Amino acid sequence: MKVQLLDICHARSGDKGDAANVGLIAREERFYPIIKEKVTRAAVKKHFKGICFGPVERFELPNLWALNFLLHNTLGGGGTVSLKQDAQGKTLAAALLRMRIDVPPAAMRAPKQATEKESGGKIRNRPASQ
C-alpha cells in the first residue's frame, strides 16, 4: 500500500551553506527498515526535481531510526545570498514527508499491546494517573 512518509516519520531540515540538510526519523522502530530500503538517494533526488540541482548524500543513523540527507546546490547560494523564499531550507522537511512509498500492509497494523496480565503487571506508557 502507498503511504506518505508523514504517516510513519517525522522530519527536520535546515541549511548547510548551499546544501539543505533533511533528517527523516521513523516514528517507530518497525518503520526504520522500510524507510532505509525505500527512501534512497535517487528517490529523494527525484522527489526534489527542480529544487535540488546537485548530488544527494544519504547517511544512516540506525540507533536513532533515522536517515539524514544532504541535498547539494539546493538553496540558491545559501542563506545570506539566496533570493529564494526559503533560503535556509526549513520547508524541505515538510516537502519530504509528502513523498509516497510502498509499505507492506502488515507493517501498518499496530503491534499487539500486551495486557497487564501478560506483562506481569508491567505496562509501559500508561498515564501516570493509573
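What follows is calculated from the coordinates using simple rules that are stated; it is not laboratory data. Treat the numbers as computed from the prediction; the structure is a model and nothing was measured. Reconstructed Cβ throughout: ideal geometry from the backbone, glycine too, with neighbour counts over all protein chains shown.
Observations on the structure shown:
- Over region 2-105, relative contact order from alpha-carbon pairs under 8 Å, at least 6 apart, %: 41
- Contour excess over end-to-end distance, with Cα ends at His72 and Arg27 and 0.36 nm allotted per residue: 13.6 nm
- When only the Cβ of Lys, Arg, Asp and Glu is charged (+1, +1, -1, -1), the dipole of region 2-105 relative to its Cα centre reaches about 260 debye.
- Rg/Rh for region 2-105, where both radii come from Cα atoms and Rh is the Kirkwood radius: 0.98
- Using the Cβ-Cβ distance between Lys38 and Arg109 with R0 set to 25 Å, the FRET efficiency works out to roughly 0.90.
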